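What follows is a single structure, written as structure tokens, with notes after it.
The values are calculated or read from the model by the stated rules, or taken from the named source; none is laboratory data. Since the model is a prediction, treat every value here as computed from it, not as a measurement. Note that we place each Cβ from the backbone using ideal geometry, even for glycine, and neighbour counts take in every protein chain shown.
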Amino acid sequence: MDTISPNLPVPRAEVQLRLLSGGYLYLPMQFFVQGANPNEVRKVPSMSWLIEHESGQRVIFDLGIRKDIDAYPPAVYHRVQHIVKTEVVSDVVDGLTEINLSTSDIDTVIFSHLHYDHVGNPSTFGVKTNFVIGPGAKQLISEPSSYPQNPNSHYDARLLPIDRTTELPGSTDRDFWSQLGPFPEAHDYFKDGSLFIVNAPGHCPGHINLLVRAASKWVLLAGDTSHDIGILNGCCQTASYIDDATGDLKHAHYNPELAEKHRERVWLFGRLENVEVILAHDHSAYEGLRCRYGSCG
């Protein structure tokens, strides 16, 4: 396990952080938490975040779930119909409307990763908006391995406009990435210490977190580092199970070893004073987060 390092930069600016609704998933917990009750289905949020910088730039981190689930690739549509059902009463576009903004007011969308419950519907954003994906994510939405050329793929080659999408460089690019606390690779997005992109490998190719300075504290938006707060805290483990349909061994992370290393770093970071760690699907914290970063009720 890495040793804890409190050596964080002194930020020269802060951002405003607002929670947007990204819909809900109904997670069969036996597929996510080892030893969970096979009958437990948990309703969890898929959080989206609006980040407003003092320069006037607006960034959204993750777009949640799209309302028109029939627009997903067939493999995803089957999953949300039969395995992990979804509920989207209010999506990111609705959330922006509620605060008198629209998608045309957003400069950049940064994705924690390209799973269907985080990418929403990027086509609702116009030509002003650029998109950022993590190292290795582009391969997921590149033909011929992605939908529609591969009808079984969960990833859609048409998801993002290539001319407005930037894939971050790999971890060996030390001109881009630098050490930040326990994290080997972080990038100062606004160059003022208010928002860092943190490379977070293991869950999915291109998985990243955001570390923001807001309300005089550090907030780590940790994406799918863990699907349960108990896993993050080391009280339980991510599930491994046999897929009944294929006989394959399944796991929530494509590289469990890398994912566990990152989980440890996030847990260590969360022990620092004045740090808050937020998982994308943490149902236990959601109502409190809505009150502090959005609106209650």
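Below are the figures for this structure:
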{"read-out": "Residues (of a type in the set (S, T, N, Q), within 17 Å of the chain's Cα centre (by Cα) and modelled with pLDDT of 95 or more) located in the stretch 17-60", "value": "46, 48"}
{"read-out": "First in the stretch 177-197 and farther than 17 Å from residue 110 by Cβ and assigned to a loop (DSSP other than H, G, I, E, B), second anywhere and at pLDDT below 95 and of a type in the set (Ser, Thr, Tyr), Cβ under 6 Å, 6 or more apart", "value": "181/5; 182/5"}
{"read-out": "Test: residue 169 is under 27 Å from residue 260 (Cβ atoms), over 17 Å from the mean Cα position of the chain (by Cα) and assigned to a strand (DSSP E or B)", "value": "no"}
{"read-out": "Residue match in the stretch 247-264 (condition: closer than 14 Å to residue 181 by Cβ, among the charged types (D, E, K, R) and surrounded by fewer than 21 Cβ atoms within 10 Å (Cβ to Cβ))", "value": "yes"}
{"read-out": "Count - residues of the stretch 30-74 that are among the basic types (Lys, Arg), closer than 20 Å to residue 96 by Cβ and surrounded by fewer than 23 Cβ atoms within 10 Å (Cβ to Cβ)", "value": "2"}
{"read-out": "Residue list for the stretch 50-61, restricted to those being in contact with a helix residue (DSSP H, G or I) (Cβ under 8 Å, 6 or more places away or on another chain) and either under 22 Å from residue 230 (Cα atoms) or of a type outside the set (Val, Ile, Thr) (or both)", "value": "50, 58"}
{"read-out": "Tabulated pairs, the stretch 81-100, first under 26 Å from residue 32 (Cβ atoms) and at pLDDT 95 or above, second in a loop (DSSP other than H, G, I, E, B) and of a type in the set (A, V, I, L, M), C-beta under 7 angstrom, 6+ apart or interchain", "value": "86/65; 88/65; 92/63"}
{"read-out": "Any hit, the stretch 253-276, residues being of a type in the set (A, V, I, L, M), at pLDDT below 95 and not in a helix (DSSP H, G or I)", "value": "yes"}
{"read-out": "Test: residue in the stretch 259-270 that is in contact (Cβ under 8 Å) with a residue 40 or more places away in the chain, basic (Lys, Arg) and closer than 24 Å to residue 60 by Cβ", "value": "no"}
{"read-out": "Strands (runs of 3 or more DSSP E) contained entirely in the stretch 38-109, each with at least 1 residues that are more than 28 Å from residue 192 (Cα to Cα)", "value": "41-45, 85-87"}
{"read-out": "Selected residue [in a loop (DSSP other than H, G, I, E, B) and surrounded by 13 or more Cβ atoms within 10 Å (Cβ to Cβ)] from 159, 140", "value": "159"}
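Conditions tested, residue by residue: (1) within 22 Å of residue 283 (Cβ to Cβ); (2) among the charged types (D, E, K, R); (3) touching a Gly at 6+ places or on another chain (Cβ under 9 Å).
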| site | (1), (2), (3) |
| --- | --- |
| 18 | yes, yes, yes |
| 26 | yes, no, no |
| 34 | yes, no, no |
| 38 | yes, no, no |
| 59 | no, no, no |
| 83 | yes, no, no |
| 96 | no, no, no |
| 103 | no, no, yes |
| 112 | yes, no, yes |
